[in-house]
Amino acid sequence: MTVFKTYFKIVKKYKGMILLYTILLILFSGINLSTNDNNTNFTKEKPNILIINKDENIGITKNLIHYLKKNTNTKEIENKEQKIKDALFYRDINYIIYIKENYRKDILDGKNPKIDIKTTKDYNATLASQILTRYIKVQNIYVKNMQNEQEIIKNINKSLEKQAKIEITSKINTTQIEKMNLYFNFASYSLMAIIIFIICFILTSFKNKNIHKRITISSMNYKKHNRIIRKASLLYVFIVWILFSLLGLILLKDTLLSIRGIIYMVNALVFAFCSLTIAIMISSLTNNKEAVSGIVNVVSLGQAFLCGAFVPTQWLPKNVLTLAHILPTYWYIQTNELLKKLEIINLKEIKPILLNMLILILFSILFIIINNQISKRKQKIE
Amino acid sequence: MFSHNFKYTLKILLKNKILLFWTFAFPILLGTFFHMAFSNIENSEKLKIIKIAIINNENYQKEELFKNTFTHLSDKKNKDRLFSVTYTNIEKAKKLLEEKKITGYLIFEKENIKIKVNENGINETILKNIVDEINCNQDIIKTLLNKNIHYQKIQNIITQNEVKLNNITSKNLSYTMIEYYTLIAMTCLYGGILSMFITNYKLANTSSVGKRTSISPIHKLKMLLASLLASYIVQIIGIAILFMYTIFVLKVNYSSPIPYIILLALLGSLAGLSLGISIATLIKKDENTKTGILISITMLGCFLSGMMGITMKYIIDKNIPILNKINPANMITDGFYSLYYYDTLNRYVLNIVSLLLFSICMILLSYKGLRRQKYDSI
């Protein structure tokens, strides 16, 4: 019991660290999960745009602005050059449309004036450009063939009103699952950091020269001692996993309580176990606590960046993903991505998922073997 | 005495592997991770070809305008190609959609057109917009035919329609650059570890070497200045290596005259150095706690200036500007950002002045804590 108690005494000492990574996870998912609610009806994506109108807000100009406001999120930003520039840089707005003075007059005179725009050139900007271009095309046609401004406006609006019917066929609620996926992907970083950091610190504390000597001369059998350490480590990993599952339950609510959600949690448990074996391996490499914190930072951050915990995997370059195959986190996140796409869940469909989990377990076994080899060699040296 | 002290501090610092890891190797590793993870982000946000299916039934064959437009938009020779279209029957289309091989499919019924998609998204919206646009053109043709304009003439009007958009966006708009700027900021502030280590080393209440040097008859200010100069130089070497690495290996674009960048890096390091000394002198705790505090302050500052998510910097700048005005990590990041994106130097100068003020404040604070220290017993 003494060993067991000491183990959790040290865990308690590092509770700040656990708290820090948990808060990071909450912050990260909090920002991403709070966006739009579940939806099985089609809602159009609306690009964020800014209109800077120097013309009088009447007639054709007014109609253009009205149309843009209906089809995009028109942002209100203080008309200061710096604020506008910043908003464009950070993609708060994707498209800026500058309507010049005398725009309406020029149009009615049949001049087809230039419109200045600024664009971020991404998906949303393309969308905004489509919306603007479509309007101007229609306007050009009617201006050429009609004289009366009111008639032109009426016809523009009539032609633009034609809408096709659109239906979503998928029954599963993709936005909710997307959120769950985000949560578990980022959790890989927090889980791994919390498990490796703490367990490495604890194991190195036990290996401190003086303490190690005292343990060796004590009446306790070293086999028993090691067994207790192993059990305590497993218990700690299990507690962390429970903590993260509960946190997921609070953030994701009943989405987590489906078969899909449970597989997500099982995957996380396998991953947590794998992290434990990594921690044991690292702690056999060195007894220096400062070195441990360096190694752990590189291992956990590196895997998170390269395997898609921070950046969605579809955005990662192909060669990075190929390289990531040798990292356990890659297999964990692949399972999450597969789970996200599943329409129906049956034994045949989850086969690749089980295979990924098996690879994680094989990784764990590999780490244990490496650990044994290193400790054997170290013992010989001593 | 000055040179003696300087030389030995340099030796002590360069032999401490842990310190060197955090100030030299860690930023380079982190920069490499950034590069691997973010190098593709901005490209993948550009539009890719959208895969769709069209149910090839009688109704579709009647729709000349749709047929022509989709042939045009899926033509491989077309520069503005948007779609890759599969013409098929309804069962196959359903299957393709289920397997997520296509974004959606179109069914032409007698009176209207239906679009079936899997989810909400950009591609789906673009598909809908195109269908709407063709619908709209059909309506235009109908309206103009009613006005007795010849069909061929209407066709000409529609095809010769020119939209004059004048793109005036400035060139430098790559927001992933912010990540690398925060990395430089982090390294500048992490450099504080060096000055903190050295200050601790010289303080009587934190190390035995400190006790010994304290009773030696040399001028304390001179001694401390020599040591700090050594730590500053080590710090600058670290920053210089990182700069070389980001410029030549990671191809980061600083896009401004080198003297401005060097000035910013020098002042940024000075801010890190002064932060390190002030934590070492003002906080009366053991060394681990001090390191913890320095790293927490640095990481929090980098978080607020966009390291873990670039939008965070914008959110803070927009809503709580004061928080980023006093944040040294943001002063450095924002300095690089203004050099990269702005045409004028006003914002850059503001950041330079803030960094100077920050460093002076920190040094004055620690000077007050350092001078005339006396101990009856330690």
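The values are calculated or read from the model by the stated rules, or taken from the named source; none is laboratory data. Since the structure is predicted, the reported quantities are computational estimates derived from the model, not experimental observations. Reconstructed Cβ throughout: ideal geometry from the backbone, glycine too, with neighbour counts over all protein chains shown. Please note that ligands, DNA and RNA were not included when accessible areas were found on the heavy atoms of the full protein model with its side chains. Shrake-Rupley method; radii C 1.70, N 1.55, O 1.52, S 1.80 Å.
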Given a 1.4 Å probe and the protein chains all in place, what does the accessible area of residue B:159 round to, in Å² to the nearest 10?
100
When the solvent-accessible surface of protein heavy atoms is calculated with a 1.4 angstrom probe, in what order do A:86, B:317, B:75 fall, highest first?
B:75, B:317, A:86
When only the heavy atoms of the protein chains count and the probe is 1.4 Å, how do B:269, B:208, A:293 rank by accessible area, highest first?
B:208, A:293, B:269
Between residue A:175 and residue A:227, what is 0.36 nm times their sequence separation minus the Cα-Cα distance? Round to one decimal in nm.
14.2 nm
Whole-Hz couplings from phi, Karplus 6.51/-1.76/1.60, listed for region B:307-314; x for Gly and Pro:
5, 8, x, 5, 5, 4, 4, 5
Reported to the nearest 10 Å², residue B:133 has, with a 1.4 Å probe, an accessible area equal to 40
Quick check: from the Cα gyration tensor, does the protein assembly as shown come out rounded (a/c under 1.5), prolate or oblate?
oblate
Restricting to the protein assembly as shown, compute how many DSSP beta bridges are antiparallel as a %, nearest 5.
30
Does region B:76-198 come out rounded, prolate or oblate by the C-alpha gyration tensor, with a ≥ b ≥ c the root eigenvalues, rounded set by a/c under 1.5 and, if not, prolate when a/b is larger than b/c and oblate if not?
oblate
Checked region A:82-187 against the a/c 1.5 cut and the a/b vs b/c comparison, axes a ≥ b ≥ c from its Cα gyration tensor; verdict oblate
Those aspartates and glutamates that a straight Cα-Cα span of less than 17 Å connects to residue B:211, excepting residues fewer than 8 apart in one chain
B:286, B:287, B:376
Using only the alpha-carbon atoms, how far is helix A:289-307 inclined from the longest principal axis of chain A? Give it as 0 to 90 degrees, nearest 10.
40
Under a point spin-label approximation (7 Å from Cα along Cα-to-Cβ), what is the residue B:373-residue B:48 distance to one decimal in nm?
6.0
Can you tell me the FRET efficiency between residue A:58 and residue B:318 if r is taken as the Cβ-Cβ distance and R0 is 35 Å, rounded to the nearest 0.05?
0.60
Mark the label point 7 Å from the Cα of residue B:356 along Cα→Cβ and return the residues of region B:268-301 whose backbone N is within less than 19 Å of it.
B:268-275
Just the number, please: carbon plus sulfur as a percent of the accessible area of region A:48-161, 1.4 Å probe, no ligands or DNA/RNA counted.
44
Pairwise FRET efficiency - residue A:14 versus residue B:4, Cβ, R0 = 51 Å, nearest 0.05
0.80
Nearest-ten-degree value, helix B:64-73 long axis tilted from longest Cα axis of chain B:
30
Can you give the accessible area per residue of region A:48-161, in Å², using a 1.4 Å probe?
45
For chain B, the longest principal axis of the Cα atoms and the Cα long axis of helix B:328-341 enclose an angle in degrees, to the nearest 10, of 50
Only sites in a loop by DSSP and with at most 13 other Cβ atoms within 10 Å count here; which GluC sites (Glu not before Pro) in region B:89-126 make the cut?
B:99, B:109, B:111
Given a cut-off of 28 Å, name the pairs among A:162/B:164; A:137/B:313; B:15/B:313 whose C-alpha atoms lie farther apart than that in the structure shown.
A:137/B:313; B:15/B:313
Just to verify a number: what accessible area does residue B:3 come out at with the full protein assembly present, 1.4 Å probe, Å² rounded to tens?
80
Calculate the spin-label point distance for residue B:284 paired with residue B:67, positioning each point 7 Å from the Cα along the beta-carbon direction, and give it in nanometres.
9.1
What trypsin sites (Lys or Arg not before Pro) does region A:285-382 have in DSSP loop regions with at most 14 other beta carbons within 10 Å?
A:348
Output ³J(HN,Hα) for region B:274-283: one whole-Hz value per residue in order, computed from phi by the Karplus curve 6.51 cos²θ - 1.76 cosθ + 1.60 with θ = phi - 60°, and x for Gly and Pro.
5, 5, x, 5, 5, 5, 4, 8, 7, 9
With all protein chains present and a 1.4 Å probe, the order of A:322, B:125 from largest accessible area down is A:322, B:125
Roughly how large is the B-A contact in terms of buried accessible area, totalled over both chains, probe 1.4 Å, nearest 100 Å²?
7800
